[in-house]
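Heads up: the structure comes next, in structure tokens.
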Amino acid sequence: MRSIRTLSLALLPALALAAPAFAQEAGDSAAGKRFSVVGSLSHLHPSDPGNGLRVDGDPAPTISATWHATDNFGVELWGAADKFNHRVRADGAGKVGTVDQQPVALSAQWHFGQPDNVFRPFVGLGYYQSNFSHETIGGDGAHVGLDTAKGAIGTVGLDYNINSTWFARTDLRYMRSRPDVRVAGQGTGQELELDPWVVGVGVGARF
């Protein structure tokens, strides 16, 4: 999580310098713009699944596109532009493997306040799927794999309006992730409780 905190602190002075450069023109407004895109750097950190296992977090670029049905309500498609790579460690044994995942989600969002407010918080709730690949868990024994995780995703975030087009964003997402565990291609009936948090910092534009 240190990389996200560092990036957030580095972004603040950049925004302070950018605001005068993107000063809002008279009569220009964010109201009525119905589409926005955001590119972010996000850090996905699963919770410890138990059974003596620990799964490390990893950063990756993410992108979202939102259709704003009104100035307050929108539908967002969000996903990872690259895979998150996680190192899996076992207590007393160190690293026991790695696994990649690439989530995608569709959420309804509510943006509070007026479109031209400098700060606009928002919340979202939706459905996601996250595909796991390149599992190397288990060393030289039987291959351990994970089924696709799917379920609810919740989002809270804050937009900082630079002008009527450009804005900076920070957001926090939670996914209920309980993929089934497979050994040598066969189901085990066991779920891995990952339930990751995703912290993102990015820049967006609305049209």
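Each value in this text was obtained by applying a stated rule to the coordinates, not by laboratory testing. These numbers were taken from a predicted model, which means no experiment stands behind them. All Cβ positions, glycine included, derive from the backbone under ideal geometry; neighbour counts span all protein chains shown.
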TODO: Using the number of other C-beta atoms within 10 angstrom as an exposure proxy, rank E191, E76, E135 with the fewest first.
DONE: E191, E135, E76
Task: Reciprocal mean inverse distance between Cα atoms of the stretch 69-203 - Kirkwood radius, Å - done: 16.8 Å
- [ ] Place a label point 7 angstrom from the Cα of T136 along the Cα-to-Cβ direction, then list the residues of the stretch 62-89 whose backbone nitrogen is under 13 Å away.
- [x] 85-89
Task: Charge context of S36, other residues only, Cβ under 11 angstrom, K/R +1, D/E -1 - done: +2
Open item on the list: What are the ³J(HN,Hα) couplings of the stretch 43-58, residue after residue, when phi is run through the Karplus curve with 6.51, -1.76, 1.60 and θ = phi - 60°? Round to Hz, x for glycine and proline.
Closed with: 10, 9, 10, x, 6, 5, x, x, 6, x, 9, 9, 10, 6, x, 7
Task: Rel. contact order, % - alpha carbon contacts under 8 angstrom, at least six apart, the stretch 81-154 - done: 28 percent
Task: Local electrostatic count, F167, Cβ distance below 9 Å [Lys/Arg +1, Asp/Glu -1] - done: +2
- [ ] Go ahead and run the numbers for FRET between L158 and Q129, Cβ-Cβ distance against an R0 of 30 Å, rounding to 0.05.
- [x] 0.70
Open item on the list: So, R0 is 30 Å and r is the distance between the beta-carbons of L172 and A93; what FRET efficiency does that work out to, to 0.05?
Closed with: 0.40
